[in-house]
Amino acid sequence: MFRRRHDGSPRRGTPSEWLIVGLANPGVEYRDTRHNLGASVVEELASRAGASLRAEPRLRARLADVVIDGHHVLVAVPTTYVNESGAALVPLVRRSGLDDVARILIVHDELDFEPGRLQLKTGGGLAGHNGLRSISSALGTDGYSRLRVGVGKPPSKDRGADWVLGRPGRTDRAVLDAAVVAGADALEDVVRHGLEEASVRLNGVRGD
């Protein structure tokens, strides 16, 4: 899909340098759950740029065009459920005007990391994340970038869904709130200096 995304209609405004998408489930019942951490990071980033996300039903997302140190960025949170995130990525890519899939950056919760751990990377496996699976299917590639936000493992393998859809306790909440701030810092670093340089600072190694 990514290579064939142009539909002949011109994009209005300045093309984006990055498309940054935070994954979340819609509705108040999912607010502050582990699965919605991606949205929290993107909302923090938008707020720092003086913007709030506005609903665009046609694009199946809430979004804002922001400028960070002169760099134009489209930030968005799909209004689909996490497992159907790919449905929003197709129109968002068209809206962004991007031609480089690596400049699509998905922010998502990560069960394989302890709470609060962050990692930037480009491409790679899906680690069982159904939101990433939906996005890879829609774009026809897994070459997009990711900011992984650790939420820790559930008490048992059969409780994974309950874990990500649950709200963390007080101790983990404080850790994850700090990760939201640190995640927005990392995204600003990506926009200003590129993914590779930001990855070295955040991960201690190259991000790809």
Just give me the residues in the range 98-133 being small (Gly, Ala, Ser), over 18 Å from Arg34 (Cα atoms) and modelled with pLDDT under 95, in sequence order.
Gly123, Gly124, Gly125
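Residues checked against (1) free of Cβ contacts under 8 Å to residues at least 60 places away in the same chain; (2) over 23 Å from Leu176 (Cβ atoms); (3) crowded, with 24+ Cβ neighbours inside 10 Å; (4) of a type in the set (D, E, K, R):
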site	(1), (2), (3), (4)
Pro26	yes, no, no, no
Glu29	yes, no, no, yes
Val42	no, no, yes, no
Ser47	yes, no, no, no
Asp65	yes, yes, no, yes
His71	no, yes, no, no
Val75	yes, no, yes, no
When only residues in the range 121-174 that are closer than 12 Å to His108 by Cα and polar (S, T, N, Q) count, which is surrounded by the fewest Cβ atoms within 10 Å (Cβ to Cβ)?
Asn130
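What do you reckon, is Glu110 surrounded by 15 or more Cβ atoms within 10 Å (Cβ to Cβ) and touching a His at 6+ places or on another chain (Cβ under 8 Å)? Break it down stepwise before answering.
Details: surrounded by 15 or more Cβ atoms within 10 Å (Cβ to Cβ): yes; touching a His at 6+ places or on another chain (Cβ under 8 Å): yes.
Answer is yes for this residue.
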So if I check each of Arg192, Arg146, which one is farther than 20 Å from Ser85 by Cβ and among the charged types (D, E, K, R)?
Arg192
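The values are calculated or read from the model by the stated rules, or taken from the named source; none is laboratory data. This is a predicted model, so every value here is computed, not measured. Positions of Cβ are generated from backbone atoms using ideal geometry, with glycine treated the same way; all protein chains shown enter the neighbour counts.
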